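Working notes for the structure below.
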Amino acid sequence: MHATFPLGRPAGIRVGAHWSVLLIMALLAELLAQSLLPEAAPGQPAFVYWATGIAGAVVFLASLLAHELGHALVARHRGLAVDRITLWLLGGSTELPGEPPDPRTSFAVAVAGPLASLLAGGGFLGLGLLLPTAVPAVVIVTLTWLGWTNLVLAVFNLLPGSPLDGGRILQAVVWQRTADKRRAQAVAARSGNVLGLVLAGIGLVELLWFGSFAGVWLVGIGWFLGFSARAELATGPAREVLGRLRLSEVMTPHPETAPGWFTVRAFAEQAATRRFRTYPVVSFDGRPVGIVSLAALARVPAQARASTRVEDVCVKPPRCLVTGPDVPLTAILGRLGDRPGQDLALVVEDGALVGVVSPDDIARTLELAVLATDARPRVP
Ligand SMILES: [Zn+2]
């Protein structure tokens, strides 16, 4: 999910939302304003229902965030790096670049989210019960709805199949019992695949037999669950190998560089005898400056090539990725691509360029990892 807009940095953790969150917010606000609130607390003007409905949808989004912050804060407390939180159509996801080192950590991180939802659910229900009767009925109804929705969210996430939290919990328990992480991952992923099929099946029955449109949601969620579980099953063994790799083991060391102080014309002559299309650019004193591609150099007008320096054309940080040799490979997976400035990551140690990582380096490492794990991924 790349098309996200930032929502701030609570507790120093980057939070973003995918545009599909707006859809779910609009649906929830409409559900509250058009049917739940008018039925449970009749006799109010429409703007009261809409204002309360929109407020309810916003608070629901905040409680989704609380669920993800539960995961993120426990992960950070246990010493794991937390990349960011993304909210989207089917809830949220917390990106952890590293893998939990032991089953206890894995269990604690997984259980923290549903626990946050349970607490939020209990809190909203309690508030709805304890508020004085002078409080408008629409507020009480919204609080009760928020309470039950959070409880349902907690229970749903505890279903025992990957990629749900319950799947991670199941995985941690099997890992603890068998001391075999890969087997535990496979058990949780298979369970997630079955769970996805069952949910999609129930959704279909609901839709076709009872004509209930809510079935579409279940089919969608079930399909997504099964799809993610099968993807985990297929990539699990390779991912485990990748999770242990540092960039120093993946990168191309001592890469060929482009001298930043050269003119475009002078470097073009040099590049004619070389084999690469993208180069790390270094300054006269050897410091890495950015990266430059032949395509970017070719865009410099011919009459300007004798007076333009490579340094002036190259893509500099933060648009180009600069990282360290001890960073896990998983931290930059998915961040290298075809966009200008992202065809190479510069690996820098003590201010000096020690290597580069290209999508090719990553693909090669992935293929070697799959070759090394002789077990072919099985899909039930
Ligand atoms: Zn969760």
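The values are calculated or read from the model by the stated rules, or taken from the named source; none is laboratory data. Bear in mind that the values here come from a model prediction, so they are computed numbers and not experimental data. Cβ coordinates were reconstructed from backbone atoms using ideal geometry, including for glycine residues, and neighbour counts include every protein chain displayed.
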note = Phe124 passes all but one of the listed conditions (1) buried (at least 20 other Cβ atoms within 10 Å of the Cβ); (2) within 16 Å of the ligand (Cβ to nearest atom); the exception is number (2)
Selection count where residues are more than 16 Å from Leu199 (Cα to Cα), touching a residue at least 24 places away in the same chain (Cβ under 8 Å) and among the small types (Gly, Ala, Ser), scope segment 149-183 = 2
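For segment 267-301, how many residues are of a type in the set (Val, Ile, Thr) and in contact with a Pro (Cβ under 6 Å, 6 or more places away or on another chain)? Don't jump to the end; show me each part of the working.
Taking segment 267-301 and keeping what is of a type in the set (Val, Ile, Thr), we get 273, 278, 281-282, 289, 291-292, 300.
Then drop every residue that is not in contact with a Pro (Cβ under 6 Å, 6 or more places away or on another chain), which leaves 282, 291.
Counting residues in segment 267-301 that are of a type in the set (Val, Ile, Thr) and in contact with a Pro (Cβ under 6 Å, 6 or more places away or on another chain) gives 2.
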request  = Could you run through segment 150-207 and say how many residues are within 27 Å of Ala66 (Cβ to Cβ), more than 14 Å from the ligand (Cβ to nearest atom) and surrounded by fewer than 19 Cβ atoms within 10 Å (Cβ to Cβ)?
outcome  = 2
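Restricting the search to segment 112-136, which residues are of a type outside the set (A, V, I, L, M) and touching a residue at least 24 places away in the same chain (Cβ under 8 Å)? Outline the logic, then answer.
Taking segment 112-136 and keeping what is of a type outside the set (A, V, I, L, M), we get 113-114, 117, 121-124, 126, 128, 132-133, 136.
Those that are of a type outside the set (A, V, I, L, M) and touching a residue at least 24 places away in the same chain (Cβ under 8 Å): Gly113, Pro114, Ser117, Gly121, Gly122, Gly123, Phe124, Pro136.
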key: The one condition in (1) touching a residue at least 40 places away in the same chain (Cβ under 8 Å); (2) hydroxyl-bearing (Ser, Thr, Tyr); (3) not assigned by TED's automatic domain parsing to the domain that holds Leu28 that Ser191 fails to fulfil   = (1)
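Look through Arg299, Arg244 and report the one residue that is surrounded by fewer than 20 Cβ atoms within 10 Å (Cβ to Cβ) and closer than 30 Å to Arg182 by Cα.
Working: Arg299 fails: closer than 30 Å to Arg182 by Cα.
Answer to the check: Arg244.
Give the residues of segment 320-335 that are in a loop (DSSP other than H, G, I, E, B) and at pLDDT 75 or above, sorted by residue number. Before you say what the answer is, go through the steps one by one.
Let us first name the residues in segment 320-335 that are in a loop (DSSP other than H, G, I, E, B), namely 320, 324-327, 332-335.
Cys320, Gly324, Pro325, Asp326, Val327, Ile332 - these are the residues of segment 320-335 that are in a loop (DSSP other than H, G, I, E, B) and at pLDDT 75 or above.
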message = Looking at segment 269-287, can you tell me whether even one residue there is at pLDDT below 90, of a type in the set (Asp, Glu) and either assigned by TED's automatic domain parsing to the domain that holds Leu346 or part of a loop (DSSP other than H, G, I, E, B) (or both)?
response = yes
inquiry  = Any residue at all in segment 353-371 that's in contact with a helix residue (DSSP H, G or I) (Cβ under 7 Å, 6 or more places away or on another chain), of a type in the set (Val, Ile, Thr) and modelled with pLDDT of 90 or more?
reply    = yes
